[in-house]
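Structure record follows, encoded as structure tokens.
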Amino acid sequence: MSSFLLASLLVLSFLCSLEKSLSFQTRREAIESNHDSQYSHLVYLSSLLPSPTCTSSTKDSKPKASLEVRHKHGPCSQLNQDKAEVPTHSDILSQDQKRVNQIHSRLYKKTGDDNSVKEELDSTTLPAKSGRLIGSGNYFVVVGIGSPKRDLSLIFDTGSDLTWTQCKPCAASCYKQQDPIFDPSKSTSYSNITCTSSVCTQLVSATGNQPACAKSSNACVYGIQYGDSSFSIGYFSQERLTVTATDIIDNFLFGCGQNNQGLFGGSAGLLGLGRHPISFVEQTSIKYKKIFAYCLPSTASNVGYLTFGRVADNYIKYTPLSTSSGGSSFYALDLLGIYVGGTKLSISSSTFSSGGTIIDSGTVITRLPPTAYSALRTEFQKGMSKYPKVSGLSILDTCYDFSSYKEITVPKISFLFGGGVTVDLAAPGELYVVSDKQVCLAFAPNGDDSDTTIFGNVQQKTLQVVYDAAGGKVGFGAGGCK
Ligand SMILES: *[C@@H]1O[C@H](CO)[C@@H](O)[C@H](O)[C@H]1NC(C)=O
């Protein structure tokens, strides 16, 4: 290890000194109520509460390149065995707010992040607005890396681009992960990227940081930070990636992290599904045509999926990707309106267009312009007037006590996107369940109407979400998973 790298690792380590979503089971939710099933969901209260065991829900016609998606915390995950490390709901929500703040600061920077990178690397404080997303994410998949392959649990994130994993010898630091840490010296297909390689320079726009160079070995060193306490620094490398037994990608560019710290919840790193040239989606474009789809399960005790390549999509409704917002990494959509219980919120469509909208797999709670949020809350409260209200939690301010009910009726919420596409949220996509005594409307306002709207992962639950970056569209289908 060169002294330059060690120094940079030390400086950066000094600098940079979840989630139990309990929700509904859609199976039981689809009970017909006589009059208003078109405008409301009827939900058994028992289905709101967490199940202690994992129920695997395999799709009948499983596409070829399909991975199981599990929630980071809960009975389907092996990642966080240590109860003390499972975050509280209030931790999850405040972490979510940090991610949203970072998305906003990333989108509003006029030029790239690279202007002040040198200073950031050399100074002792990272600007709070710098860096990439908080690496919390929520959902992970298992992929194989190296020859022979080692299985790694990676959080997948449509809001970031660089894929990385912790690597031996963990020259500076590795956080605790469930899988054995990847050892590049034991793989015959591993190689370092050199400092002079053109892909090394692509790191600037992918990570927001100028790469360093390990002088002795001429190895390209990346650094990416996700917030106050999360970061990864190490060698930018190439390796064989095994997606499934039949889908193997050679020379996949990824970060081999030698100094890693943060809120990655026992996972081995991140799988970057953003739109930048070094994202997984772009690196595998010949094989998968820049198409992937996922379904996030209704509760942490169910399993969803992530598939790459074209899927059967006759029941998917597509909305065009927006070109006017979203920067170079995010998937931006045009949100035009919202319906609650069959009523269209009376807000002008410019409320949404001023800041634009992105869809993000890593943001938990959907963020709306304050004007839209207050209209949605008013309409939702009308439909919920018979239930006792309780205090809010963190960013959530509309919560109910359902502990004396066997079943509840919740107004349906639908999003109207460009291309005339209406997406009906499933019941698990509307509520954040802290306990049966505190179930909250799972939306929050942005600070300002001009801030970017974010379609978060609670709202995506049980929908099949198809990203087609080549076709310039994102699609939604109901009932993608349980
Ligand atoms: C990659 O670079 C590091 C840092 O110089 C070095 O320790 C390691 O042996 C290199 N690996 C390969 C396969 O060249």
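Bear in mind these aren't lab numbers, they're just calculated from the coordinates by the rules spelled out. As the structure is a prediction and not an experimental result, all values here were calculated from the model. Here the Cβ is made from the backbone with ideal geometry for all residues, glycine too, and neighbour counts use every protein chain on show.
Has region 135-146 got any residue that is within 16 Å of the ligand (Cβ to nearest atom) and surrounded by fewer than 23 Cβ atoms within 10 Å (Cβ to Cβ)? Within region 135-146, one or more residues are within 16 Å of the ligand (Cβ to nearest atom) and surrounded by fewer than 23 Cβ atoms within 10 Å (Cβ to Cβ).
Scan region 421-455 residue by residue and report those that are hydroxyl-bearing (Ser, Thr, Tyr) and surrounded by fewer than 19 Cβ atoms within 10 Å (Cβ to Cβ).
Here is the first cut: in region 421-455, the residues hydroxyl-bearing (Ser, Thr, Tyr) are 422, 432, 435, 450, 452-453.
Listed by number, the residues that qualify are Thr422, Ser435, Ser450.
Taking strands (runs of 3 or more DSSP E) as the structural unit, those lying wholly within region 212-328 and holding at least 3 residues that are within 16 Å of the ligand (Cβ to nearest atom), out of contact with any helix residue (DSSP H, G or I) (no Cβ under 8 Å at 6 or more places or on another chain) and not hydrophobic (A, V, I, L, M, F, W, C) correspond to 231-244, 247-261.
Would you call Gly447 of a type outside the set (A, V, I, L, M) and either in a strand (DSSP E or B) or under 28 Å from Ala293 (Cα atoms) (or both)? Walk me through how you get there before you give the answer.
Values: of a type outside the set (A, V, I, L, M): yes; either in a strand (DSSP E or B) or under 28 Å from Ala293 (Cα atoms) (or both): no.
The answer is no for Gly447.
More than 30 Å from Arg310 (Cβ to Cβ), touching a Ser or Thr at 6+ places or on another chain (Cβ under 7 Å) and within 16 Å of the ligand (Cβ to nearest atom): is that true of Ser197 in this structure? Here the answer is no, as Ser197 does not meet what is asked. Residue pairs whose Cβ atoms lie under 6 Å apart, sitting 6 or more positions apart in sequence or on different chains, and linking a residue in region 239-259 that is more than 25 Å from Cys174 (Cβ to Cβ) to a partner that is surrounded by fewer than 23 Cβ atoms within 10 Å (Cβ to Cβ), are Thr244/Ala65; Asp247/Ala65; Ile248/Thr242; Asp250/Arg240.
Residues in region 284-316 that are of a type in the set (S, T, N, Q) and touching a Pro at 6+ places or on another chain (Cβ under 8 Å): Ser298, Thr299, Ser301, Thr307. Taking the numbered list (1) small (Gly, Ala, Ser); (2) touching a Phe, Trp or Tyr at 6+ places or on another chain (Cβ under 9 Å); (3) surrounded by fewer than 24 Cβ atoms within 10 Å (Cβ to Cβ) in turn, Ser285 passes all entries but (2).
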